[in-house]
Amino acid sequence: MPFAALQCELDERAAQGLLRRRQLLESAQSVRVKVDGKPCLSFCSNDYLGLSNHPKLIASLHAGALQHGVGSGASHLVSGHFNVHQQLENELAAFVHKPAALLFSTGYLANLGAVQALVGREDTVFADKLNHASLNDAMLLSRAAIKRYRHNDMAHLEQLLERTKSGRKLVISDTVFSMDGDLALLPELLALCELHDAWLLVDDAHGFGVLGKQGRGSLTHFNLDSPRIIYMATLGKAAGVSGAFVAAEKVVIDTLVQKARSYVYTTASPPALASALLASLVVMREEEWRREQLCELIEQLRTGLAGLPWTLMPSFTPIQPLLVGSNENTMALSEGLRERGIWVPAIRPPTVPRGTSRLRISLSAAHSRSDVAQLIGALHELAR
């Protein structure tokens, strides 16, 4: 049989407790969902501000579809770049205080396109060891030399930068690390880039909309502004819709338009999504209570989970990882919560290092204090 080897690999993953299965969602994304036929309280979604069901976004999506249709029909460079796409790019650039921005269909495509367009065989990429898979794949496909530094270890990064004497230097990093919930040391990263004449590409997928005044992201949170910074953020998490963008100096964006393969050779996202995202930016600016609510819920959770036999990793973001250890124990804890009507995903290798399997608790402004109390109570009950 031609696929016997594939089945053996799947069987081995299952034996190690690493086989993944898709959960069937039968309701709109929310904190209360119906999954695999059963209602449950969800702590899985990256919809950090609870905007995926916001009536203003839904109304804007509907109006955008009536005006522009459903599909874009072509890539941006052929005939798929609508006026509403351009309006959104202008608004996004202004929102994150950058001269220009470029839309991508996903954050994965944005990272692939940006890194490949900016560096090549004669250049070097410096990457945090806990970066997202999209950044890892992007640096491999760029064919640049790769130097990975220990997580948030600025001394190690400085050593690597000092040893590199030629070619372009590009430092790439998550801002909020998606499985740990901690922040990159952005001021220190920028200082090293300035010292060693390097560019800094930051992936703010989990910071945009959450961190900084009005949710303007990690650069605003740290009060950073430099032409060296190339900023990427996704629009399907806190923004509540779909897509991603890169914001940078105009010469960088012009280069991406010409050379980013994942932009040039991809059909543009539906223009109606851009309409919804314009509404999302308005809500993020105006409804500051959503970020305030998140901060209160994070504090409630961290206080309530004190004393458990599992370690709550240090994070002040909506990503709250509960470190369990083995694959089997993590899966058992996740299933125990599901039996109590609570959905929290078990994260296992290769997404995280071996021996560090965890529950990844994601909080949303749409959660209530009673929702968080229910999760806290269930985890204490399972601990007993």
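Would you check which residues across segment 110-165 are in a loop (DSSP other than H, G, I, E, B) and either assigned by TED's automatic domain parsing to the domain that holds Pro353 or touching a helix residue (DSSP H, G or I) at 6+ places or on another chain (Cβ under 7 Å) (or both) and list them? Listed by number, the residues that qualify are Val119, Gly120, Arg150. Any chance you could count how many residues in segment 200-255 are within 20 Å of Asp123 (Cβ to Cβ), among the hydrophobic types (A, V, I, L, M, F, W, C) and within 17 Å of the chain's Cα centre (by Cα)? So the answer is 5. Of all the criteria given as (1) surrounded by 15 or more Cβ atoms within 10 Å (Cβ to Cβ); (2) assigned by TED's automatic domain parsing to the domain that holds Ser362, the one not satisfied by His68 is (2).
Just to be sure, is Ser60 assigned by TED's automatic domain parsing to the domain that holds Thr234, of a type in the set (Ser, Thr, Tyr), in a helix (DSSP H, G or I) and farther than 30 Å from Leu375 by Cα?
Numbers: assigned by TED's automatic domain parsing to the domain that holds Thr234: yes; of a type in the set (Ser, Thr, Tyr): yes; in a helix (DSSP H, G or I): yes; farther than 30 Å from Leu375 by Cα: yes.
So Ser60 fits the description; yes.
Being touching a Leu at 6+ places or on another chain (Cβ under 6 Å), farther than 24 Å from Phe245 by Cα and of a type outside the set (Lys, Arg) is a property that holds for Val35.
Matching residues to (1) closer than 29 Å to Thr351 by Cα; (2) not acidic (Asp, Glu):
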{"residue": "Asp254", "(1), (2)": "no, no"}
{"residue": "Ala260", "(1), (2)": "yes, yes"}
{"residue": "Ser275", "(1), (2)": "no, yes"}
{"residue": "Ser280", "(1), (2)": "no, yes"}
{"residue": "Arg285", "(1), (2)": "no, yes"}
{"residue": "Ile298", "(1), (2)": "yes, yes"}
{"residue": "Trp310", "(1), (2)": "yes, yes"}
{"residue": "Gln320", "(1), (2)": "yes, yes"}
{"residue": "Val324", "(1), (2)": "yes, yes"}
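Comparison of Gly341, Gly355, Gly336 shows that the only residue that is touching a Lys or Arg at 6+ places or on another chain (Cβ under 9 Å) and surrounded by fewer than 18 Cβ atoms within 10 Å (Cβ to Cβ) is Gly341. Residues that are more than 21 Å from the chain's Cα centre (by Cα), surrounded by 17 or more Cβ atoms within 10 Å (Cβ to Cβ) and closer than 14 Å to Gly50 by Cα within segment 279-313 comprise just one, Glu287. Within segment 196-238, the set of residues being part of a loop (DSSP other than H, G, I, E, B) and at positive phi comprises Asp197, Gly209, Gly212, Gly217, Asn223. Filtering segment 166-176 to residues that are under 29 Å from Gln320 (Cα atoms) and assigned to a loop (DSSP other than H, G, I, E, B) leaves only Thr175.
Pairs are defined by a Cβ separation below 7 Å, a sequence spacing of at least 6 or placement on different chains, a first member in segment 203-232 that is without any contact (Cβ under 8 Å) to a residue 40 or more places away in the chain, and a second member that is assigned to a loop (DSSP other than H, G, I, E, B) and among the hydroxyl-bearing types (Ser, Thr, Tyr); the pairs so defined are Asp204/Thr175. Exactly one condition in (1) over 23 Å from Gly113 (Cα atoms); (2) under 18 Å from the mean Cα position of the chain (by Cα); (3) modelled with pLDDT of 95 or more; (4) surrounded by 19 or more Cβ atoms within 10 Å (Cβ to Cβ) is false for His151; which is it? For His151, the failing item is (4). Here is the figure for segment 239-281: residues that are of a type in the set (Gly, Ala, Ser), outside any helix (DSSP H, G or I) and farther than 26 Å from Ala59 by Cα total 3.
The values are calculated or read from the model by the stated rules, or taken from the named source; none is laboratory data. What you see is a predicted model, and the numbers here were worked out from it, not measured in a lab. Counting neighbours? That spans all protein chains shown, and the Cβs are built from the backbone with ideal geometry, glycine included.
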